[in-house]
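Here is the structure we will look at, set down as structure tokens.
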Amino acid sequence: MRIAIIGASKDKDKYSNKAVRAYKSKDHVVFPVNPTEREIEGLICYNSVSEIPLDVEVASLYVPSEVGTKVADELIKHNIKKVYLNPGADSEEIFQKLSAAGIEVMRECSIKAIGMDPEKITL
């Protein structure tokens, strides 16, 4: 699966970094997205989903809801099929916007969704 981790961080204590490592460890194709970084966990970091050179099937949001609302439009435009609204990134507005566009929206931790415990992901 190709997944964009939106709001990815270099900080290994942050869940967005743990998500990059978790999906990478399960052999998924991971695209970190953060406009202030160039590389995260050895992967090219993109400014936005629009810059990713391949089609992405899933996105995992680790951004505040006010940012997520803007990102939602980009996800719709790029035909993302499934979006995880992680704790702290969830809002009813984002959920409604994505759902109305036919995107499957999961209100859960994307790390747990692949059978991993974010608290047990080591540095």
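Listing for the model above:
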| quantity | calculated |
| --- | --- |
| Out of Glu51, Glu41, sole residue that is surrounded by fewer than 23 Cβ atoms within 10 Å (Cβ to Cβ), closer than 24 Å to Lys112 by Cβ and either modelled with pLDDT of 95 or more or touching a Lys or Arg at 6+ places or on another chain (Cβ under 8 Å) (or both) | Glu41 |
| Breaking point among (1) surrounded by 15 or more Cβ atoms within 10 Å (Cβ to Cβ); (2) assigned to a helix (DSSP H, G or I); (3) of a type in the set (Lys, Arg), for Lys10 | (2) |
| Those residues of segment 36-54 which are part of a loop (DSSP other than H, G, I, E, B) and over 14 Å from the mean Cα position of the chain (by Cα), in sequence order | Thr36, Glu37, Arg38, Glu41, Gly42, Pro53, Leu54 |
| Residues (touching a Phe, Trp or Tyr at 6+ places or on another chain (Cβ under 9 Å) and among the hydroxyl-bearing types (Ser, Thr, Tyr)) located in segment 1-32 | Ser9, Tyr15, Ser16 |
| Of all residues in segment 67-120 being part of a loop (DSSP other than H, G, I, E, B) and hydrophobic (A, V, I, L, M, F, W, C), the one that is surrounded by the fewest Cβ atoms within 10 Å (Cβ to Cβ) | Ala101 |
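The values are calculated or read from the model by the stated rules, or taken from the named source; none is laboratory data. Note that this is a predicted model, so its numbers are computed, not measured. Neighbour counts are summed over all protein chains in view; Cβ atoms, including those assigned to glycine, are modelled from backbone coordinates with ideal geometry.
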